[in-house]
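One structure is given here, and the rest of the page talks about it.
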Amino acid sequence: MKYTYFGQSSFLLETDTHKFLFDPFISPNPLAKTIDITKLEADYILVSHGHEDHVADLIVIAKQTKAKVIAMPEIINWVNKQGVDNVHSMNYGKYTFDFGTVRMVWATHSSSLPDGSYGGNPAGFVLELDGKQIYFAGDTGLTIEMKLLAELYKLNYAILPIGGNYTMNVDDAAIAANYINCDKIIGIHYDTFPVIEIDSANAIENFKRAQKTLLLPAIGETIVL
Ligand code: NI
Ligand code: MN
């Protein structure tokens, strides 16, 4: 499986058969100028919550790719109103798709849409895909709820916010990595705005000291999971 980073919380997971895009906020991100959203392909778009830095390009890319949008019912209502009807509405539960399973999980955050409407509860996702289990936390503070994931899964990778202020910071994410019992963490939601800037080298060192690996692929970079 391949992971390509598009900045903030946006990335693509790619198997031999399917492409999954997450939280598309690319064209307004000055750090992501090298990414041409008109070239993006996706079969599914998963949305963690309604904030602008997660949905800015959602409608344009959903229309262009005809991908199926997976999100909370309140977000799906908003997506429908923008003229996108290839959708899968879900809440905190697990569903088996043809490609594998998706479980929506708790995120300690808030969620409103760009027009101010209520976005339902924010969420993260656990995907069972291509023989691997991957957790995308969405925007969340550190929460004891994460311990549940260690009971339910043997996570191969976790994609966690590390920029602080709105979400977990690096130290919180290292604790979260213990809660979820996962050794390989991919950092997201950092450096996009001054309040979430981090020292990347320090962050990687912090994780090493905790016997964990923090991966910080560059925007546009693809890594193999
Ligand atoms: Ni948010
Ligand atoms: Mn955010």
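The values are calculated or read from the model by the stated rules, or taken from the named source; none is laboratory data. Predicted model, so just to flag it, every value in this text is computed and none were measured. Neighbour counts are summed over all protein chains in view; Cβ atoms, including those assigned to glycine, are modelled from backbone coordinates with ideal geometry. Remember, those area values only see protein heavy atoms, side chains included, never the ligands or the DNA or RNA. Shrake-Rupley method; radii C 1.70, N 1.55, O 1.52, S 1.80 Å.
Of the residues making up region 168-190, those that are within 14 Å of ligand 2 (Cβ to nearest atom), closer than 20 Å to Ile219 by Cα and open to solvent by less than 20 Å² (accessible area, probe 1.4 Å) are Gly187, Ile188, His189. Note on region 47-56: residues that are surrounded by fewer than 24 Cβ atoms within 10 Å (Cβ to Cβ) and either acidic (Asp, Glu) or in contact (Cβ under 8 Å) with a residue 60 or more places away in the chain (or both) total 3. Scanning region 193-225 for residues that are in contact (Cβ under 8 Å) with a residue 60 or more places away in the chain and either open to solvent by less than 20 Å² (accessible area, probe 1.4 Å) or closer than 19 Å to Tyr135 by Cα (or both) gives Pro217, Thr222, Ile223, Val224, Leu225. Ala42 passes every criterion in (1) within 16 Å of ligand 2 (Cβ to nearest atom); (2) in contact with a helix residue (DSSP H, G or I) (Cβ under 6 Å, 6 or more places away or on another chain); (3) without any contact (Cβ under 8 Å) to a residue 40 or more places away in the chain; (4) not aromatic (Phe, Trp, Tyr) apart from (1).
Filtering region 144-167 down to residues that are free of Cβ contacts under 8 Å to residues at least 40 places away in the same chain and within 16 Å of ligand 2 (Cβ to nearest atom), which residue is nearest to Thr192 (Cα to Cα)? Residue satisfying both the conditions and the ranking: Gly163. Applying the criterion of being within 13 Å of ligand 2 (Cβ to nearest atom) and buried (at least 21 other Cβ atoms within 10 Å of the Cβ) to the residues of region 101-112, the residue that is nearest to the chain's Cα centre (by Cα) is Ala107. Gly7 passes every criterion in (1) under 12 Å from the mean Cα position of the chain (by Cα); (2) under 21 Å from Asn121 (Cα atoms); (3) of a type outside the set (Ser, Thr, Tyr); (4) within 16 Å of ligand 1 (Cβ to nearest atom) apart from (2). When Lys132 is tested against (1) more than 17 Å from Thr15 (Cα to Cα); (2) open to solvent by less than 60 Å² (accessible area, probe 1.4 Å); (3) of a type in the set (D, E, K, R), only condition (1) is not met. Of the residues making up region 47-86, those that are within 13 Å of ligand 2 (Cβ to nearest atom) and part of a helix (DSSP H, G or I) number 4.
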